[in-house]
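A short worksheet on the structure shown next.
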Amino acid sequence: MRTYTFYVYILASGIGGTLYIGVTNDLIRRVYEHKTKAAEGFTKAYGIDRLVYYERFDNIEYAMHREKRLKKWMREWKVVLIEKDNPNWDDLYPLICR
């Protein structure tokens, strides 16, 4: 039986910038798509490609539920969530590519 991992992630255009929340089963590939502008839409239009936060899930339904809940949060709550573990809004992409 194969085990899958899913990720809910937050991208930002910069420190305190525009946010994007998504879900994927391949975080490295998906963030790379955002960084190379291969992902059409909101992130490409607004230059959103800095991975500032992510969570892991073993169940796609839990991941999708979390994504939907985070999207409904007030911006201030999202900023607190990001800054709890990433106060400088560092791009986490190089860390996950190791």
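The values are calculated or read from the model by the stated rules, or taken from the named source; none is laboratory data. Computed from a prediction, not measured in an experiment: that's the story for all the values here. We place every Cβ from the backbone using ideal geometry, glycine too, and count neighbours over all the protein chains shown.
Can you find a residue in the stretch 81-98 that is of a type in the set (K, R) and either at pLDDT below 95 or in contact with a Cys (Cβ under 8 Å, 6 or more places away or on another chain) (or both)? Yes - at least one qualifying residue is present in the stretch 81-98. Reported count of residues in the stretch 64-94, each being of a type in the set (A, V, I, L, M), surrounded by 15 or more Cβ atoms within 10 Å (Cβ to Cβ) and not in a helix (DSSP H, G or I), is 1. Here I82 fits the description: more than 19 Å from C97 (Cβ to Cβ) and either in contact with a Phe, Trp or Tyr (Cβ under 6 Å, 6 or more places away or on another chain) or in contact (Cβ under 8 Å) with a residue 40 or more places away in the chain (or both). Do you know which of the residues in the stretch 6-63 that are surrounded by fewer than 18 Cβ atoms within 10 Å (Cβ to Cβ), of a type in the set (A, V, I, L, M, F, W, C) and touching a residue at least 60 places away in the same chain (Cβ under 8 Å) is farthest from N86 (Cα to Cα)? The qualifying residue farthest from N86 (Cα to Cα) is I28.
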